[in-house]
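The values are calculated or read from the model by the stated rules, or taken from the named source; none is laboratory data. Quick caveat, the model's predicted, so the values are computed rather than measured. Every residue, glycine as well, gets a Cβ built from its backbone with ideal geometry; the counts of neighbours run over all protein chains shown. Accessible surface areas use protein heavy atoms only, side chains included; no ligands, DNA or RNA. Shrake-Rupley method; radii C 1.70, N 1.55, O 1.52, S 1.80 Å.
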Number of protein chains: 2
Amino acid sequence: MGATIRDVARAAGVSPSTVSRALAMSDLVSPATIERVRRAAASLGYEPNPVARGLITGRTGNLGMIVPDLGNPFFPGVVKGVQARAREADYAVFVADTDEDAALEARLVRKLAKQVDALVLCSSRLTDDELRAVAADVALVLLNRKVDDIPAIVPDNADGMRQAIAHLAALGHRRVGVTAGPVSSWTGSERVAGLRAAARTAGVDLVELGNFAPTFQGGVAAADIVLAAGVSAVVAYNDVMALGLMNRFAARGVSVPADISVVGCDDIPLAAMSNPPLTTVAVPKEPLGRAGVDLVRRLLEREEGLTPRLALDTQLLVRGTTGPVRPG
Amino acid sequence: MGATIRDVARAAGVSPSTVSRALAMSDLVSPATIERVRRAAASLGYEPNPVARGLITGRTGNLGMIVPDLGNPFFPGVVKGVQARAREADYAVFVADTDEDAALEARLVRKLAKQVDALVLCSSRLTDDELRAVAADVALVLLNRKVDDIPAIVPDNADGMRQAIAHLAALGHRRVGVTAGPVSSWTGSERVAGLRAAARTAGVDLVELGNFAPTFQGGVAAADIVLAAGVSAVVAYNDVMALGLMNRFAARGVSVPADISVVGCDDIPLAAMSNPPLTTVAVPKEPLGRAGVDLVRRLLEREEGLTPRLALDTQLLVRGTTGPVRPG
DNA sequence: ATGAAAGCGCTAACAT
DNA sequence: ATGTTAGCGCTTTCAT
């Protein structure tokens, strides 16, 4: 096992507190002593135990991050943003995956809460009440979710939907379908609401085709329903679902965008690689993560700062899956 | 802040030690007291602080897992396997992503080591020496890597490559290219070695086309080199790279499998969704993760068990990207 | 069956 | 500039 601070103290012929101070670069210690302590520490391979330190300082140097599904390419993007920024601030990030399970998420939150300085919850599946309770217990930042005035970063989903509808309307589409995600998804509700408002404004008929799993298979399952609805374009809850849609369209001999236009959401890496490449409403994933960490730091520094909120721009990326509506 | 064990003790009218015992389900406590304590704990919303507990028991109930890149769909699969099994054993898993950076990996290992009961390193980029040093410090299980007798789980890459070559040889291919991954990848060396052996046995010419980034862009970049080499089939380091290859082939008007056959490795979810679907050597990702956790538990229970090693079967999945070699 | 006391490894007053 | 004391929240002897 690792050497303790006492071992170092003995080796350097000083007291444990001096070791602590010397290693913390306190300027209350004589340079000579610092040098002696560092040598002793190095030769013993001493590494301070962050757990013991955390017990007393109340700071662990860790950030917890919880996401619903690392298998969905959207989340690794956000995770990377969080990690990059956290690294700069010398925080380690502990990521946990909830498998889209709210109960599991609750357990993970409880477990993590005591061993991190702050928790970043991305697309949480918890209820508003549960989130309020968590926020009372630990510094909390929400990504892709808004509850009361818990600090949060959200993409401007409504505006993204507005861009998508404007684009489709300009291409002549008058009947646009939407395949929604899980009912419990806050982002999903935002998107549908944005779609409704934009459709009304643009004079487009929005056909709500139901809720589907936010997965490739969810899209496959939704595809036939889309085709039966007689829409000339469809907006999917996310890119993964859009890809499933396209896969089934191809199998049924429906060509995109000639027969039907498809718009995804998120801009996962895969979206650009599909054939044709997917038109999608890009959510800034890394920036979302980075902004989350920035919020954490503000939160941790000024005890009880205002409750900052940030909306991130989304951007429609027009690629190959949207085209003019077919005459007739 | 959360209630402490003392608050509960006071509320229940007992001593902290009794609370500790009552909550630990010790049978040395009277049922009545247990009940009283549980009530008090519940009403205060008390959750034992795992950090403080860990300091004394030496067990944290946490597992650390480190992967090179969560953006590569292979790793989330393994992570999910680890998490599923860990959950059963009531462990929380802290995942960290190293961005393929060995130095960062080393830092994360140090940081994590003291706050977890064991570390699972997947496709580690550290050197053998570094890994030996880590193993001396913390219970360590390697995935996709073998070093001395550090406990490890590895897929049978060589056999997978054998299957791939046998398949291609049966289709009439006599000149097969390989686009290798990063030189520092242990799995990559294993695969190339397996390919060499299998090619020799099968009487196939193996053309080693160099090392490329294990990414979509890496594949795109490799594609022209593949075409210039005049091979009728190519085995890529992994599926992501194979998809990049295919993308560039399509752009150059080379059709798969008519003009060239492509084999990937890993069987990421995307592989089945490409067009045509990718023939690939499947690595059992979730089983890999689960087996890793099983190893951890054995390691933690029997102090210094033998050094278990497990090879997992790989399986060639023949799909749409391989076909008979063209005459001429 | 329960309480008191000691201590995990560390840092932060409080002394000098 | 350094040592001594106390204590973070918890578990675990050792008493009773």
Within chain A, excluding any GluC sites (Glu not before Pro) found in a DSSP loop (not H, G, I, E or B) and having at most 15 other Cβ atoms within 10 Å, the longest uninterrupted segment runs A:1-302
Residue (of B:Thr127, B:Ser184, B:Val79) at the positive-pole extreme of chain B, dipole from beta-carbon charges:
B:Val79
For the range A:157-284, what does the relative contact order come out to in percent, with C-alpha contacts under 8 Å and a separation of six or more?
24 percent
List, shortest first and in nm to one decimal, how far the label point of A:Ala133 (7 Å from Cα along Cα→Cβ) is from its counterparts in the other copies.
4.5
Specify the angular offset, from 0 to 90 degrees and rounded to the nearest 10, of the alpha carbon long axis of helix A:157-170 from the longest principal axis of the alpha carbons in chain A.
30 degrees
Calculate the tail of P(r) for the range A:157-284: the fraction of all Cα-Cα distances greater than 18 Å, expressed in %.
44 percent
Using a 7 Å offset from the Cα along the Cα-to-Cβ direction at both B:Thr201 and B:Asp129, what is the distance between the two label points in nm, to one decimal?
3.6 nm
Size of the dipole of chain B about the Cα centre, Lys and Arg at +1 and Asp and Glu at -1 on the beta carbon, nothing else charged, in debye to 20?
520 debye
Which FRET efficiency, nearest 0.05, do A:Arg59 and B:Thr57 yield, Cβ-Cβ r, R0 25 Å?
0.65
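Looking at the P(r) of the protein assembly as shown, how many percent of alpha-carbon pairs lie beyond 47 Å?
Of all Cα-Cα distances in the protein assembly as shown, 23 percent exceed 47 Å.
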Distance in nm between pseudo-label sites at A:Asn275 and B:Ala229 (7 Å out along the Cβ direction from Cα)
2.1 nm
Give me the net charge for the shell around B:Gln83: Cβ to Cβ below 13 angstrom, other residues only, Lys and Arg +1, Asp and Glu -1.
-2
If you take the accessible area of B alone, add that of A alone, and subtract the area of the pair, what total do you get in Å², probe 1.4 Å, to the nearest 100?
3700 Å²
Run the label-point distances for A:Arg298 please: 7 Å along Cα to Cβ, every other copy, nanometres, shortest first.
5.1
Computed over chain A: longest principal axis from alpha-carbon atoms vs helix A:186-202 long axis, angle to nearest 10 degrees, is 40 degrees
Per residue, how much space in cubic angstrom lies within the convex hull of the C-alpha atoms of the range A:116-225?
114 Å³
Put a dot 7 Å past each Cα toward the Cβ at A:Glu301 and B:Ala166; how far apart are the dots in nm?
6.3 nm
Inter-copy distances for A:Gly172, label 7 Å out on the Cα-Cβ vector, sorted ascending, nm, one decimal, are 4.6
With Cα coordinates, the longest principal axis of chain A makes an angle with the long axis of helix A:216-228, in degrees rounded to 10, of 20 degrees
Give me the net charge of A:Gly181's neighbourhood, meaning all other residues with Cβ under 13 Å from the Cβ of A:Gly181; Lys, Arg count +1, Asp, Glu -1.
-4
Give the lysines reachable from B:Lys146 as a straight Cα distance under 27 Å; neighbours fewer than 8 places away on the same chain don't count.
B:Lys80, B:Lys111, B:Lys114, B:Lys285
The range A:9-151 -> Rg/Rh from Cα coords, Kirkwood Rh, value 1.13
Everything considered on the Cα gyration tensor (a ≥ b ≥ c; rounded for a/c under 1.5, else prolate if a/b is larger than b/c, else oblate), the range A:5-57 must be described as oblate
Solvent-accessible area lost in complex, 40 Å² minimum, residues of the range A:51-91 relative to chain alone, 1.4 Å:
A:Val51, A:Leu55, A:Leu70, A:Lys80, A:Gln83, A:Arg87
Taking R0 as 56 Å, what FRET efficiency do you get between B:Arg174 and B:Glu35 from their Cβ-Cβ distance, rounded to the nearest 0.05?
0.15
Rg and Dmax of the range A:229-315, Cα atoms, in Å?
18.3, 60
Cα extents of chain A per principal axis, largest first, Å, are 91, 37, 32
